Each structure stands twice: as structure tokens, then as C-alpha cells.
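The values are calculated or read from the model by the stated rules, or taken from the named source; none is laboratory data. This is a predicted model, so every value here is computed, not measured. In this analysis, Cβ positions are derived from the backbone assuming ideal geometry, glycine residues included, and neighbour counts consider all displayed protein chains.
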Amino acid sequence: MLIKTVFSGFGGQGVLSMGHTLASAAMLEGKYVTYFPSYGAEVRGGTANCTVSISDEEIASPVASQPDFVVSMNQPSFLRFQSLVQSGGLILVNSSMVNITSVRGDIEVVEIPTSELAEKLGNLKVANMIILGVFIKVSNITPFTLLLKNLPAILGEKRSRLLKINKEALELGFNYLQG
Amino acid sequence: MSGTSTIGEAAIQAGCKYYFGYPITPQNALPEYMAQRLSEVPGGVFLQAESEIAAINMLLGASVAGARAMTSSSSPGISLKQEGISYMAGQELPAVIVNVMRGGPGLGTIYPAQSDYFQSTRGGGHGDYRTVVLAPDSVQELADMTALAFDLADNYRTPVIVLADGVLAQMMEPVRIPSRKRKKLPAKNYILTGAKGRPSRIIHSFTMDPKEQEDHNWKLVRKYKQIEQREVRYESFLLEDAEMVVVAYGTAARIAKGAIKRLRKENLKVGMIRPITLWPFPTKIIQETVKYIHDFFVFEMSAGQMIEDVRLSLEGKGRIHFYGRPGGVIPAPVELYRIISRHYYQSKRKKGR
């Protein structure tokens, strides 16, 4: 089993953090995993994406020519990556920012009004963790509990005060589609 | 951990206390890591030099004083460092130099490529010398090879190059940093530490006497022969029943492995030889292999450089196929799979006739 996921959006939307959080959890699960970032020179506002590959055996290339999953946080990345997704694959879209038009018929699209949900939690910056929560639910790629358990290590000491809201965001996302 | 942090941590665990460098993409996260980590190491020094040339000469200075030290850069910056590398080879000074290769001549692209094979394996600077070149293919090997580079450099008193690219440097993978187990290494009886109570020492690469210079150069050659005999490293993969063997290193070898797994699923008997030391090149295994496998497929993320060493090793035997992607394009395993399978069937048809 080899599953490749592309996380994409503007720099500053937490796109790389999403990938890193997933990759670390998969590592703790004992899987082979690679995380490969690609971003512009800008700290905020440029394009950013990263590819996370998770597998039961050695991973050849950390790059995905045809990802199984795409998480898309903005319009340009949605346009770019929806054409790459494998037939039968799934794309998760931040519908607060993406105008979903001309979608391919052979892929599944899940729309999440991520920004609105994040604002309800009181911090727009955790939009990434909300959509990551949804992603873990629909992809079933790694145990959600493991990802939560690893969150303090991801945030580090400096950002430990953000632990609570990030956890809430992940849980909100994970349970979103049931409600 | 990311590739760059891994190199940094492995170096520190290997006892590297001094880092000198000048920024260049795609290896900037390495000096960033060293700046932060070396401040926590007692006596550690991180220095961002005013240029690459200054940085390599600081490395030379640290080495003269007997320290474990490192510099890193990417292709154009490594070109600037060549004078210093040549001096260290001539003066028999250990040093570790990390090159995160870019794609192309001049400024090149920042995207991953393998364009500096010639430069690294042929000495790189002026003069009659070689540098040991280590080519890792994973983040774990970045750690292992960085540690090994320090030991080889000290053991043979010679500069060692760790050759990586943007994929390996930027990528994160699970990794175990090798712990600090010191190999028994020769005592540093050449370093300049102040001559109090002992005769003075001189470290130089120049003499006016041609005979003396010739002796020195032959001494270097004998050392290189010793390295060639002892330090060849490679990985072989599914060679036993193979009818075609891929030769690839670094990131290209990873991609090739992915392609070979697909080929094997369709019963195409393809194996691989992955040189881990590019110099000394694993000539012997290639000569052994051509006795029973005729077709060699060289794959590089360049327009074809290592292919020359494969050709030299084959000494006219067998048949070479080649596929290269220069300039920073990362081909997918499925692309390479298609190309290898075309060559495979063409060779098969030829043999059948």
C-alpha cells in the first residue's frame, strides 16, 4: 500500500504544518513515510504545497505525479492539483476560499467551509487543523488518536499554549461530516 | 527530520564543532540548523563567512588546528570552494564538504539535479588529486554518510564530499542519528598547535624542488590507491536473476528502485547497482556483473556523467543504455518504468535474432 497526499494553498495557511503533522503521526505508527515541501520565497502569500507519502514498504519517490488525495486551501492550488489527482481519488476543498467549478467527473470532491468553522473557534489560523481532521476521517490513513497524541511534540514548547485550540480544531474537523 | 537538519545533527554527533558557510539555496536550512545547534555545543562556532572562498579557507584553518569542521554549499558555491579543496588535498587535510547539487551550469536551477558528478569525482579543482565522494539516497543515509565522511577524512587526511540534491535536503523522513561511537583513528601528529617542547611542523602543498614535489604527489597517489582498494561502497538490488541492470545513485536510485518494483511485477527481470561511493567507483562489481548480464541501463538526473565511469568499468563489454533528466526535473518512477521496459524488450528482441 502506497498513499500519496498533496497539501496545497497559500504560504501562511499552514499547508506545510498539515503535512508535517500527518507525516509524524504515520512515522509513529511505524510506516515508511516521506514529506517533501515545495514553496515560494515569500513567508506569506506565495504558493506552498507538500507531498506526504505513506507506505508499508520503502518509498521510491517523495514526489507525486498522481496523488491519491489532495487537500486544497485556495483557488490556484485547486485548479492545479485537481487535474493531477488519480482517477477515483479524492480532493478536499476549503470551500470558504475556493469557487468550485469545472470539476472532473471521476474524482470525489468534499467541500468544507473551513474558514467559517475556524472563525467560530475564534482563530482563523487553525483552519488547517480543521481540514486535516476531516481528511483523517475520510482517508482513514492513520489513527486519529495517534495524531492527537503527537500534537504537543509538533507544536513544541514555544507554542504549547496553542495546543488546546489546535486539538479542538482537529476534533471539530474529524467529527464534522457526521453532524 | 529534514535532510538538512539530519546532516547538521549527524555532523555534531560526529564531533564537528565548527561550521563555516555562505548562504545558497537549496541548502540554507543546514547553516540555519548549525547556527542554532552549535550555540548549544560547548566551544561550538558557527560562522557565516563573507564569501564561499572565505568559508572554505576557514575550514582549512580549522583543519590545520586539528578540529572536526564542515562547510556546505550548492553547485555554484562549491565551484568557488574548489581552490580551497585542492589546497586541502595537497596539504593532506581532513575536511567534510556537503554539496546539495543544483541543475545546470552557471547559476543553474535550485531544483534537484545531479549535475556535479564530474566536478566531485575528478577532483574538482586544479592539480592531481581525488576527493572521496559519498552519495546517500535517503535521509537515513545522509546521517550515516555524514558520520562516515568525518571518519574517512580523518583516517586518510583528505577532503570528503557528501553529494546530495534538493530532494534529499528538503525531504523529511524518519531517521536515527548514529551515536557517537568513535572509530580508532590515527593520531593527528601533523596539526599545528604551537611547537612548545617539540620540533616545528610545516603543512604545505608547495615545494621548489621538483623531486620532492614528485615524491609528495606519488604519496598522494598511493593513498588514493589504498582508498580505492578499501573504501568502495555500493548496494546491489535483485541482481541474481536479472537480465538488465540499472546503475543509478542518490535520488535517481530511489526512483529507479520504484521503477524496478513495477517492472518486476510484470516479470521483467531488472536489477540495480547503486554506487554509494562515486569515487572510488564500484568498478569491480560492474565487471563481475557483466560476465552474466549484458545490458546496463544508466539513469541520472543529468545529461550523462556517471555513464562514463560505467563505460570505463565495462571496458567495452556489454551494452549501455541511458536515460537522463537534467535541469531539475524529478521524473516519476512510472516514467522510468516505461523507458526501461522499452529498452528491455528491444534488447530481448535483438538477442532473439
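With the structure loaded, tell me whether B:LEU336 is under 23 Å from the mean Cα position of the chain (by Cα) and among the aliphatic types (A, V, I, L, M) or whether it fails that test. Here the answer is no, as B:LEU336 does not meet what is asked.
Summed over segment A:114-160, residues that are over 13 Å from the mean Cα position of the chain (by Cα), over 20 Å from A:SER53 (Cβ atoms) and among the polar types (S, T, N, Q) total 4. Only one of the numbered conditions (1) crowded, with 20+ Cβ neighbours inside 10 Å; (2) of a type outside the set (S, T, N, Q); (3) within 14 Å of another protein chain (Cβ to nearest Cβ); (4) in contact with a Ser or Thr (Cβ under 8 Å, 6 or more places away or on another chain) is not met by A:VAL15, and that is (3). Of the residues B:GLY44, B:GLY8, B:GLY21, only one is surrounded by fewer than 21 Cβ atoms within 10 Å (Cβ to Cβ) and in contact with a helix residue (DSSP H, G or I) (Cβ under 8 Å, 6 or more places away or on another chain); which? Only one candidate qualifies: B:GLY44.
Remark: pairs (first residue in segment B:182-205, touching a residue at least 12 places away in the same chain (Cβ under 8 Å); second residue charged (D, E, K, R); Cβ separation under 7 Å; 6+ apart in sequence or on different chains) = B:LYS183/B:ASP151; B:LEU185/B:ASP151; B:LEU185/B:ASP154; B:TYR190/B:ARG201; B:LEU192/B:ARG201. The single condition among (1) more than 11 Å from chain B (Cβ to nearest Cβ); (2) touching a helix residue (DSSP H, G or I) at 6+ places or on another chain (Cβ under 8 Å); (3) without any contact (Cβ under 8 Å) to a residue 24 or more places away in the chain; (4) surrounded by fewer than 24 Cβ atoms within 10 Å (Cβ to Cβ) that A:VAL93 does not satisfy is (4). Against the conditions (1) over 30 Å from A:VAL52 (Cβ atoms); (2) under 22 Å from the mean Cα position of the chain (by Cα), B:LEU168 satisfies every one except (1). Checked against the criteria, B:VAL100 does not count as touching a residue at least 24 places away in the same chain (Cβ under 8 Å), surrounded by fewer than 19 Cβ atoms within 10 Å (Cβ to Cβ) and in contact with a strand residue (DSSP E or B) (Cβ under 8 Å, 6 or more places away or on another chain). Residue-level analysis places B:PHE46 among those that are aromatic (Phe, Trp, Tyr), without any contact (Cβ under 8 Å) to a residue 40 or more places away in the chain, farther than 21 Å from B:ALA135 by Cβ and assigned by TED's automatic domain parsing to the domain that holds B:LEU163.
As a summary of the residue check, B:MET301 satisfies the conditions (1) within 13 Å of another protein chain (Cβ to nearest Cβ); (2) more than 15 Å from B:PHE237 (Cα to Cα); (3) more than 17 Å from the chain's Cα centre (by Cα); (4) at pLDDT 95 or above except for the one numbered (3).
Let's see how each residue does on (1) more than 11 Å from chain B (Cβ to nearest Cβ); (2) at pLDDT 95 or above; (3) under 25 Å from B:GLU335 (Cα atoms):
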residue: A:MET1; (1), (2), (3): yes, no, yes
residue: A:LYS31; (1), (2), (3): no, yes, no
residue: A:PHE36; (1), (2), (3): no, yes, yes
residue: A:TYR39; (1), (2), (3): no, no, yes
residue: A:GLY45; (1), (2), (3): yes, no, no
residue: A:ILE59; (1), (2), (3): no, yes, yes
residue: A:GLN75; (1), (2), (3): yes, no, no
residue: A:PHE78; (1), (2), (3): yes, no, yes
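If you go through segment B:307-335 and keep only what is more than 14 Å from every other protein chain (Cβ to nearest Cβ) and assigned to a loop (DSSP other than H, G, I, E, B), you end up with B:GLU315, B:GLY316, B:LYS317, B:GLY318, B:PRO326, B:GLY327.
Looking only at segment B:109-117, decide whether some residue is more than 14 Å from every other protein chain (Cβ to nearest Cβ), in a loop (DSSP other than H, G, I, E, B) and among the hydroxyl-bearing types (Ser, Thr, Tyr). Checking segment B:109-117: at least one residue is more than 14 Å from every other protein chain (Cβ to nearest Cβ), in a loop (DSSP other than H, G, I, E, B) and among the hydroxyl-bearing types (Ser, Thr, Tyr).
Taking (1) under 17 Å from the mean Cα position of the chain (by Cα); (2) buried (at least 18 other Cβ atoms within 10 Å of the Cβ) in turn, B:MET244 satisfies each apart from (1).
Filter segment B:250-275 down to residues that are in contact with an Asp or Glu (Cβ under 6 Å, 6 or more places away or on another chain), of a type outside the set (S, T, N, Q) and not in a strand (DSSP E or B) and give me whichever is nearest to the other protein chains (Cβ to nearest Cβ).
Once the filter is applied, the top-ranked residue is B:ARG254.
For segment B:120-149, which positions are outside any loop (DSSP other than H, G, I, E, B) and out of contact with any Asp or Glu (no Cβ under 8 Å at 6 or more places or on another chain)? Listed by number, the residues that qualify are B:SER120, B:VAL133, B:LEU134, B:GLU141, B:LEU142, B:ASP144, B:MET145, B:THR146, B:ALA147, B:LEU148, B:ALA149.
As an exercise: evaluate B:PRO23 against (1) under 29 Å from A:ILE154 (Cβ atoms); (2) in contact with a Phe, Trp or Tyr (Cβ under 6 Å, 6 or more places away or on another chain) and give the number of the one condition it does not meet. Unmet for B:PRO23, out of (1) under 29 Å from A:ILE154 (Cβ atoms); (2) in contact with a Phe, Trp or Tyr (Cβ under 6 Å, 6 or more places away or on another chain): (2). Against the list (1) at pLDDT 95 or above; (2) within 14 Å of chain A (Cβ to nearest Cβ); (3) under 19 Å from B:LEU263 (Cα atoms), the condition B:HIS294 fails is (2).
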